[in-house]
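Trainee: Below: one structure in structure tokens.
The numbers here are math on the coordinates, done by the rules we state, and not lab data. Note that the coordinates shown come from a computational prediction; the quantities given were computed from them, not determined experimentally. All Cβ positions, glycine included, derive from the backbone under ideal geometry; neighbour counts span all protein chains shown.
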Amino acid sequence: MTIAKQYRKLQKVVTGNKTTDGDGVQLTRVIGSSSLMMLDPFLLLDAFGTDKPKDYIGGFPPHPHRGFETVTYLLEGRMRHKDSAGNEGVIEPGGVQWMTAGSGIVHSEMPEQQRGLLYGFQLWVNLPARAKMTEPAYQEFTAAQIPVEQLDNGGQVRVIAGQTNQGSIGPVINDFVSPLYIDVSLPAGQVFEQTLALADNAFVYVIEGELGFSESLGEGQLGVLSEGDTIQVKAQQDSRFLLVAATPLNEPVVRGGPFVMNTKQELQQAFADFGR
Ligand code: FE2
């Protein structure tokens, strides 16, 4: 017996709001502002992409985080991070840093470069109540450590987290929300299909090109997907997109600035602990 696939539909299209954060870094907040406050467990998605140093050179000077994870994925440019526990490193093009802030760290995220293109994403992934005060931890991978899967139709999938239908597994380990985070390039006219857990929340973000669903999704747009066990998408032109999915936590979210907790009291405690 074959059970029919339940294809996900495009439920909502989000374009994001231009804003600045850190020391004057120009970015587009795609999740985490008025058009899409959150998509449980995703709390925020910032896209930054500019070749004007004045738009990024200020970077993100020291600031704290508590209660969630930050995922930085760079397509172009270099970013140096340093934290209060003495950890330091540089994220390079194609590299990813999955940081579990847990009980808290104070870190800085500064462009390493003085010129050229800086292009990438920061995603905030919530932690379940039981892990909000976990030890801070890093998972960091260079472009060379991220599997690149070649598809028969000429497409290519970079697998940061989760498993593709062809079996490639991303290096990031996360048992809290079992995320899928893949970066897909697809030639015009070709179709990409991926199995997803039926009730996971999922979105597609178009880096370039145009994707066909019931309506089309263009460059810089995020599509929230309905429930279903399969996503099937067609490239209307040569396209590149992120497909990200995870299990919703369904817990209360109380957020303020760089902290995301479950209760107002925990949030106040975070502000007190970090002297903010
Ligand atoms: Fe940060």
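Trainee: Once you list every other residue whose beta carbon is under 12 Å from the beta carbon of Pro248, what net charge do they have if Lys and Arg are +1 and Asp and Glu are -1?
Mentor: Spelling it out: positives minus negatives among the neighbours equals -4.
Trainee: Tell me the net charge near Ala270. Cut-off is 15 Å between Cβ atoms, Ala270 excluded, with +1 for each Lys or Arg and -1 for each Asp or Glu.
Mentor: +3
Trainee: Please list, short to long, the whole-number percent of alpha-carbon pairs of the chain in consecutive 5 angstrom bins beginning at zero.
Mentor: Per 5 Å bin, starting at 0, the Cα pair percentages come out as 1, 6, 13, 17, 20, 19, 13, 8, 4, 1, 0, 0, 0.
Trainee: Roughly speaking, what % of Cα-Cα pairs in segment 129-276 are separated by over 23 Å, rounded to a whole number?
Mentor: Here the tail beyond 23 Å accounts for 46 percent of pairs.
Trainee: OK, next. Along its principal axes, what span do the Cα atoms of segment 82-180 show, with the longest given first and each in whole Å?
Mentor: Result for segment 82-180: principal-axis Cα extents of 46, 41, 17 Å.
Trainee: Which three semi-axes in whole Å describe the equivalent ellipsoid of segment 162-203, each the square root of 5 times a Cα gyration tensor eigenvalue, listed largest first?
Mentor: In descending order the semi-axes read 21, 13, 9 Å.
Trainee: Now a separate question. Give the angle, between 0 and 90 degrees and rounded to the nearest 10, that separates the Cα long axis of helix 264-273 from the longest principal axis of the Cα atoms of the chain.
Mentor: Taking Cα atoms only, the helix is inclined about 50 degrees.
Trainee: Tell me what the chain gives for mean residue ellipticity at 222 nm when only DSSP H runs of n ≥ 4 count, each as -39,500 (n - 2.57), the sum divided by the residue total, rounded to 500 deg cm²/dmol.
Mentor: -1000 deg cm²/dmol
Trainee: In the neighborhood of Ser178, defined by Cβ-to-Cβ distances under 14 Å, what is the net charge if each Lys or Arg adds +1 and each Asp or Glu adds -1?
Mentor: It works out to a net charge of -4.
Trainee: Something else about it: Whole percent per 5 Å bin, from 0 to the bin with the longest distance: what is P(r) over all C-alpha pairs of segment 1-143?
Mentor: The percentages, shortest bin first, are 2, 10, 17, 21, 20, 14, 8, 4, 3, 1, 1, 0.
Trainee: By average Cβ neighbour count within 10 Å, what is the ranking of 233-245, 5-17 from highest down?
Mentor: Highest to lowest by the protection proxy: 233-245, 5-17.
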